[in-house]
Amino acid sequence: MNTDPDLEERMLLAVMQAQAQVLDSAANLAAIEKAAQSAATAGAELLVTPELFVVGYAPRKLRAELDPASLPGLHDALGQIAARHGIALVYSLPAITGNRWEITSTFVDENGNPRGSYVKVHLFGDAEKEVFSPGTQPATIIDYRGLKLGMIICFDLEFPETVRAAAVHGAQVLLVPTALGRGYDSVSNTLVPARAIESQLFIAYANHTGVEDGFALGGGSVIADPFGNVLASGSPNAELLFAQIDPQTLTAARTEIPYLSDRRPDLYQAWGI
């Protein structure tokens, strides 16, 4: 048994990339279960799944046809998947309160216990803005197995303020379910590594593949480290990505160029940003 405390802090993280079946939650839960089993077998401690994967990415169709009464059962089923395979899970579902719909992500631990949730702040495109209401809170931060895990969703990452706020509030690893369309490869290839560098954290970015309700999704999921190195990147096809999260890499990045500690927020406020 390894007794090195630094090695014990490392975490093998997995990202699920797959095509969801719109409004076929049974099929989507089965896909998540298969990914959770494979990830756990490979030694992963955490699996991140794409935005709204459980019900499929189709905002207008969801609003018209999704039964809000189904949501508690879906949350329960996802907790059971995590517990069955002994792996923490990040998943995304709508949250519905009266006429207010939100896009959320939820973190459950390896026993299936909910540990935190987040509401998407930046909605992308006409369909999302018609169907959903935006959140107002910064990234949710969860302490898990010696790491501080931050949660945001999709378009949130494309705003540097969102990622920086997560880092300032302590996030070391940012978990990002997304539904990135084809033709936006620059987000995966450029923005994710850039955000990881400038806010000095790991980022796990989990996307769909295929076509859902006429919307073509691009794959290209990515895991980047605080130096901007791409530890794993996805093709356009369904697959599981893995990367080792090593806190020593985080310490090295924040020591070499101290972006976070050298910030001057008093000036930025005076500048009106």
Yes or no: the stretch 191-206 includes at least one residue that is within 25 Å of GLU9 (Cβ to Cβ), free of Cβ contacts under 8 Å to residues at least 12 places away in the same chain and not in a loop (DSSP other than H, G, I, E, B).
no
Flag if SER199 is farther than 23 Å from PRO134 by Cα, hydroxyl-bearing (Ser, Thr, Tyr) and crowded, with 21+ Cβ neighbours inside 10 Å:
yes
Output for the stretch 103-138, where each listed residue is charged (D, E, K, R) and touching a Phe, Trp or Tyr at 6+ places or on another chain (Cβ under 6 Å):
ARG115
Residues LEU74, LEU93: which one is surrounded by 13 or more Cβ atoms within 10 Å (Cβ to Cβ), under 21 Å from LEU174 (Cβ atoms), in contact with a helix residue (DSSP H, G or I) (Cβ under 7 Å, 6 or more places away or on another chain) and not β-branched (Val, Ile, Thr)?
LEU93
Return only the number of the condition from (1) open to solvent by less than 20 Å² (accessible area, probe 1.4 Å); (2) in a strand (DSSP E or B) that LYS148 does not satisfy.
(1)
Looking only at the stretch 246-273, count every residue that is in a helix (DSSP H, G or I), open to solvent by less than 80 Å² (accessible area, probe 1.4 Å) and either in contact with a helix residue (DSSP H, G or I) (Cβ under 9 Å, 6 or more places away or on another chain) or among the charged types (D, E, K, R) (or both) and tell me the total.
4
Of the residues in the stretch 114-134, how many are out of contact with any His (no Cβ under 9 Å at 6 or more places or on another chain) and part of a loop (DSSP other than H, G, I, E, B)?
7
Across the stretch 30-58, the tally of residues that are in contact (Cβ under 8 Å) with a residue 24 or more places away in the chain, within 25 Å of GLU102 (Cα to Cα) and open to solvent by 10 Å² or more (accessible area, probe 1.4 Å) stands at 2
I need a count of the residues in the stretch 96-111 that are open to solvent by 20 Å² or more (accessible area, probe 1.4 Å) and within 18 Å of the chain's Cα centre (by Cα).
2
Subset of the stretch 151-187 (residues that are open to solvent by 10 Å² or more (accessible area, probe 1.4 Å), closer than 22 Å to GLY116 by Cα and either acidic (Asp, Glu) or assigned to a strand (DSSP E or B) (or both)):
GLU161
Enumeration of residues in the stretch 118-143 that are aromatic (Phe, Trp, Tyr), more than 15 Å from the chain's Cα centre (by Cα) and open to solvent by less than 30 Å² (accessible area, probe 1.4 Å):
PHE132
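The values are calculated or read from the model by the stated rules, or taken from the named source; none is laboratory data. Given the structure is predicted, the values throughout are model-derived calculations rather than measurements. Heads up, the Cβs are rebuilt from the backbone with ideal geometry, glycines too, and the neighbour counts pull from every protein chain shown. The area values use the complete protein model at the heavy-atom level, side chains included, leaving out ligands, DNA and RNA. Shrake-Rupley method; radii C 1.70, N 1.55, O 1.52, S 1.80 Å.
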